[in-house]
Amino acid sequence: MSAQHTGIVIAIDGPSGSGKSSTAKGVARVRELRYLDTGAMYRALTWWMLHHGVDVNDAAAVAANVERPVISMGTDPDAPTVTVDGRDVATDIRGKDVTTNVSAVSAVPEARALLVRTQREIIEAARAESAGIVVEGRDITTVVAPDAPVKLFITASAEARAQRRSKEVRTGDVAATQADLARRDKLDSSRAHSPLTRTADATELDTTGLTLEEVVALVVELADEAKVG
């Protein structure tokens, strides 16, 4: 690790509703690190495609347009921002249309190549300019930052994940939410490029019976051990 890049990288993967976003932001706050939600970047790209009438199920059409939007990410864990072409889309990207279609866009190799390159640039800037960064998504430990000193795969039971996601999106239909999560799990774990998977050297953390504070404390402890090592 060069003198110019000394900040720590904490890489967190896991399925939707597992608690990885809350955990990542919590750890970033405690250790005064930057924070990056890579899933929001894929959502932002999906939003742009839908907003501009691109057929997201046409991989060639998505590939032809991936470089058109300008996606910018704020890395403050207390106020993470997402803009597309200068427009704040933090709320828009959490809508049903984007949620339904983001897996299709995420499976396009050209989309992944572009965003992975951008994510690595953000990580390197954070390492050079701050104490480091917590990065969460589905391919962080496997593709984006495979050399991160702290690598975690966070999961939870299907029921717990559905309950959390239903609360987050403010819908009472937990069964429908669970079905949708299962659909996305299948798509994300079976895609040809950068599927969601746990690496052998990633610590698996089941958050089902733990409070957020307990999970954050465990991850902070791992980070402290990595620094000592």
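Just flag the chymotrypsin sites (Phe, Trp or Tyr not before Pro) in segment 12-87 sitting in loop per DSSP whose Cβ has no more than 10 other Cβ atoms within 10 Å. Sparse-neighbourhood loop chymotrypsin sites (Phe, Trp or Tyr not before Pro): none present. Can you give the longest stretch of the chain with no exposed loop site, where a site means GluC sites (Glu not before Pro) in a DSSP loop (not H, G, I, E or B) with at most 13 other C-beta atoms within 10 Å? Longest stretch, sites excluded: 68-229. Between the residues ALA90, GLY53, VAL102, the greatest Cα displacement towards the positive end of the dipole of segment 51-129, with unit charges on the Cβ of Lys, Arg, Asp and Glu, is found for VAL102. Rounded to the nearest 20 debye, the dipole size of segment 1-91 about its Cα centre is 280 debye, using +1 on the Cβ of Lys and Arg and -1 on the Cβ of Asp and Glu. If you sort the three axes of the alpha carbon gyration tensor as a ≥ b ≥ c, you get a/c of 1.5 or more for segment 93-229 and a/b no higher than b/c, which makes it oblate.
Counting only DSSP beta bridges whose two residues both lie in the chain, roughly 20 percent are antiparallel. For the chain, the solvent-accessible area with a 1.4 angstrom probe is 47 square angstrom per residue. Element breakdown for segment 21-63 at a 1.4 angstrom probe: carbon and sulfur atoms account for 43% of the accessible area. For the chain, the Cβ-based charge dipole about the Cα centre amounts to some 320 debye (Lys, Arg positive; Asp, Glu negative; other atoms uncharged). Here the accessible area is traced with a 1.4 Å probe on the protein chains. For segment 140-191, carbon and sulfur cover 53 percent of it. Taking a ≥ b ≥ c as the square roots of the eigenvalues of the alpha-carbon gyration tensor, segment 21-82 is classed prolate because a/c is 1.5 or more and a/b outweighs b/c.
The values are calculated or read from the model by the stated rules, or taken from the named source; none is laboratory data. No experiment lies behind these values; they were computed from the predicted model shown. Every residue, glycine as well, gets a Cβ built from its backbone with ideal geometry; the counts of neighbours run over all protein chains shown. The area values use the complete protein model at the heavy-atom level, side chains included, leaving out ligands, DNA and RNA. Shrake-Rupley method; radii C 1.70, N 1.55, O 1.52, S 1.80 Å.
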